[in-house]
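No lab work stands behind these numbers, since they all come straight from the coordinates. Just so it is clear, the model here is predicted, and its values are computed rather than measured. Glycine gets a Cβ as well: all are built from the backbone with ideal geometry, and neighbour counts include every protein chain shown.
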Amino acid sequence: MTRSDKDNAILTEFFAGLPDKFRVAPARMCCAPGRLAVYGRWWAAISRERHGLAARRRRTARRIDGQPASPAPERKLMNLALWIVAGLLAALALFSGATKVFLPKSKLDESTDWTESASVGFVRTLGWLEILAAVGLILPAALDIAPVMVPVTAACWILLMIGGMIIHARYGHYKNVTLCLVLLAAAAFVAWGRFDLEPFTG
């Protein structure tokens, strides 16, 4: 077998695996000028299609890994539910924190008695923590800057609610204990969902 025949055989095997639009006749690859011309046309076609081919490769890789090519409706619903719960938690945390930070302590003492035995600094610090929690539950994901801070903030909110349950139970505020328990469960749902079920980095 001559060198030209070997070249044709190799090229035939190579181009057989390409789409029809990229195939060329192996006989045209024998001489150097023809080879360069065919290479140029082939590479130009590949360059024009590179984005589409890359997308198809990614979809194929996801199918090979057992992942759907597009998010399933269940995942979309889960993602929506996590956003809604996180948004509600953030709104409540922002309201509660702003109340503790900006209202005079005398006003707070009229509405609840646990602040009477607490210092102004403690109440204000607790308020700022709640405001930071409201920011951490929404902005990292909304701005796509360290979105992992969303489940981290939810985990910190769980600790905050445990402390709130202890304080309210000590004063016999069992309705507030129940509210803290509900908020704790909501934060646990967000933390679990964003760490495992529907993470932003998934």
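Side notes on the structure shown:
- J(HN,Hα) series, the stretch 135-147, from Karplus relation 6.51 cos²θ - 1.76 cosθ + 1.60, nearest Hz, glycine and proline x: 5, x, 7, 10, 4, x, 6, 5, 8, 6, 10, 6, x
- Net charge of the neighbourhood of A98, taken over other residues with C-beta under 12 Å away and scored Lys/Arg +1, Asp/Glu -1, is +1.
- The shape of the stretch 137-176 comes out prolate: with a ≥ b ≥ c from the C-alpha gyration tensor, a/c is at least 1.5 and a/b beats b/c.
- Net charge over other residues, Cβ less than 14 angstrom from the Cβ of L126 (K, R count +1; D, E count -1): +2
- Extension gain, L179 to A81: 0.36 nm times the residue separation minus the Cα-Cα distance gives 33.3 nm.
- Column: log10 I(q)/I(0), Debye, Cα scatterers of the stretch 101-202, q = 0.17, 0.18, 0.21 Å⁻¹: -0.83, -0.89, -1.07
- Extension gain (nm, one decimal) between V152 and A188, 0.36 nm per residue minus Cα-Cα: 11.9 nm
- Restricting the calculation to Cα atoms, the stretch 155-202 shows an Rg/Rh of 1.14 when the hydrodynamic-style radius is the Kirkwood one.
- Packing here is the average count of other Cβ atoms within 10 Å per residue, and on that basis the peptides 98-106, 124-132, highest first, run 124-132, 98-106.
- Taking packing as the residue-averaged number of other Cβ atoms within 10 angstrom, the listed peptides 150-163, 176-189 run from highest to lowest as 150-163, 176-189.
- Separation in nanometres of the label points that stand 7 Å from Cα toward Cβ, at A98 and L197: 2.9 nm
- Integer Hz, Karplus 6.51/-1.76/1.60 couplings in order for the stretch 171-181, x for Gly and Pro: 9, x, 8, 6, 5, 5, 4, 5, 4, 4, 5
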